[in-house]
Amino acid sequence: MSPDAIPRLGVGVGWRSEIDTVVERLPGVEWVEVVAENICADHLPPSLEVLLARGVTVVPHGVSLGLGDAAEPAGHRLARLAAVAEAVGAPLVSEHLAFVRAGGREAGHLLPVPRTREALRVVAANVRIAQRELPVPLALENIAAQLAWPGDELTEAQFLAELVERTGVRLLVDVANLHTNRVNLGVDPVAELDRLPLEALAYVHVAGGVERDGVWHDTHTHPVTAPVLDVLAALCERADPPGVLLERDGAYPPPAELSAELDAIRRVHDLRARETARV
Amino acid sequence: MSEHDEYLIRDRDDAELALARRHLAHRQEELLTALLGGGPAPAGFDPGQLRTQAEGLLAKRREIVGHLMPELPDLLGPDFAPLFRRYADAHPLAGGHRADARAFADWALDAAPSASWHPALRRLLRPAASRWNRLLPRRTAKSHP
């Protein structure tokens, strides 16, 4: 599918059942993302039905498919993700460049994949299998890492670029995760942005976190901070994201604060759009 | 190869891919075993990073349990985290998180019989044994769900 098929999403917020009515009433929410595993295709939450009836786009975001697992993605997980996508009429779905299980044990977390050319073959094969089974385009997200594999041959952005080239997969760029990797692993977010084929960008994640003892924790339960917005600005200098999504998973602030965070994101995006238009 | 590893090997590409999968599986299994406890740190990793990641996995598992059964952190208070660490060290995450929460709760009941919260936790987990049920007229025997 051509990059033109990437839909324009706008500014959105992560839909969570705990803040469902807040999301319904939040001004300026053009789309939402749902955690696919938390949605039953046969029984959509009433609040989500309200948003759908209003014409709000809903994008399922998977967290347990394991495209970076050594094994092929499981048929039942793919079928479930596809069912959710169909139930909400999603224009695309997203997942992660991560492994979540190995040796029959669940990690319960997104872990970085060893980035060798050999591992690239496996992940590319997994992505192709997923694309075959999914009714809509797939976007892959970069992750927040707290460890680096010895012997990595490619940076995360280079690995993603290879996947885009080999499979046509789209990108979900998480600027908070880029910041996390800057603090924890010394990876330069701007250098990574320059290595990404941003013409394949589907949307962007923005989230808050906190630094403790020199480690950045991508908690999604803290306000979005300036360094993360700076990475967003750098991205917007390079490409116009079809969508930007604020992720908040807990410690929900008052609606006005959520609204203010959306506004801050919109300001960064609009400012860059105006500046690049002038050039 | 185990039954989980059977891939249709039609040509050399398939064979190379299958080998790549095996190699990746080995590396990831080694790392995950180290992170979840029960295996040595694989060569070449920064020990500090491994520790941070392992703590992160434990914290996440504990967080999800606390989210699914908020009565547990509420009742156990400061005992919740240290007990969960002991439980997690001995019990890998097998089923879903709900099963994990229940299994931890049952384990905590056995692990800390003289804790101040023990009666409250017992009532929570085994309501059939509660005082009120004993006071009510006996119903025909039906196993508690």
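Observations on the model:
- For B:Arg126, residues with placed amide H under 5 Å, excluding near neighbours: none
- Ranking B:His118, B:Gly39, A:Ala98 by how far each Cα lies toward the positive end of the dipole of the protein assembly as shown (charges on Cβ) leaves B:His118 at the top.
- For the stretch B:21-83, the dipole from Cβ point charges (+1 on Lys and Arg, -1 on Asp and Glu) about the Cα centre works out to 400 debye, to the nearest 20.
- Cα-based convex hull, the protein assembly as shown, per residue volume (Å³, whole number): 182 Å³
- Taking only the C-alpha atoms of the stretch A:120-262, Rg followed by Dmax gives 15.6, 46 Å.
- Here the 3J(HN,Hα) profile of the stretch B:90-96, calculated from phi with Karplus coefficients 6.51, -1.76 and 1.60 at θ = phi - 60°, is 9, 10, x, 5, 9, x, x Hz, Gly and Pro shown as x.
- Which of B:Phe80, B:Phe104 is most accessible, then next, and so on - probe 1.4 Å: B:Phe80, B:Phe104
- Solvent-accessible area of B:Ser116 with every protein chain in place, 1.4 Å probe, in Å² to the nearest 10: 110 Å²
- Rounded to 5, the percent of DSSP beta bridges in the stretch A:115-263 classed as antiparallel: 20 percent
- Once the 1.4 Å probe is applied to the protein heavy atoms, chain A comes out at 38 Å² accessible per residue.
- Placing unit charges on the Cβ atoms of the charged side chains and taking the dipole of the stretch A:6-97 about its Cα centre, the candidate lying farthest along the positive direction among A:Val88, A:Val63, A:Leu9 is A:Leu9.
- FRET efficiency for B:Asp13 and A:Arg54, using Cβ-Cβ distance with R0 set to 56 Å, rounded to 0.05: 0.70
- Heavy atoms of A:Arg77: accessible area, 1.4 Å probe, square angstrom to 10: 70 Å²
- A probe of 1.4 angstrom, applied to the heavy atoms of all protein chains, finds A:Arg117 with accessible area near 110 square angstrom.
- Given in Å, the Rg to one decimal and the Dmax to the nearest whole number for the Cα atoms of the stretch A:206-279 are 13.3, 42.
- Charges were assigned to the Cβ only: +1 to each Lys and Arg, -1 to each Asp and Glu. The resulting dipole of the stretch A:1-114 about its Cα centre is roughly 120 debye.
- Taking the Cα centre of the stretch A:185-279 as reference, the dipole from Cβ charges on Lys and Arg (+1) and Asp and Glu (-1) amounts to some 260 debye.
The values are calculated or read from the model by the stated rules, or taken from the named source; none is laboratory data. All figures in this text were calculated on a predicted structure; none of them were measured in a lab. As a convention, Cβ positions derive from the backbone with ideal geometry for all residues, glycine included, and neighbour counts pool all protein chains shown. With ligands, DNA and RNA removed, areas are computed over all heavy atoms of the protein, side chains included. Shrake-Rupley method; radii C 1.70, N 1.55, O 1.52, S 1.80 Å.
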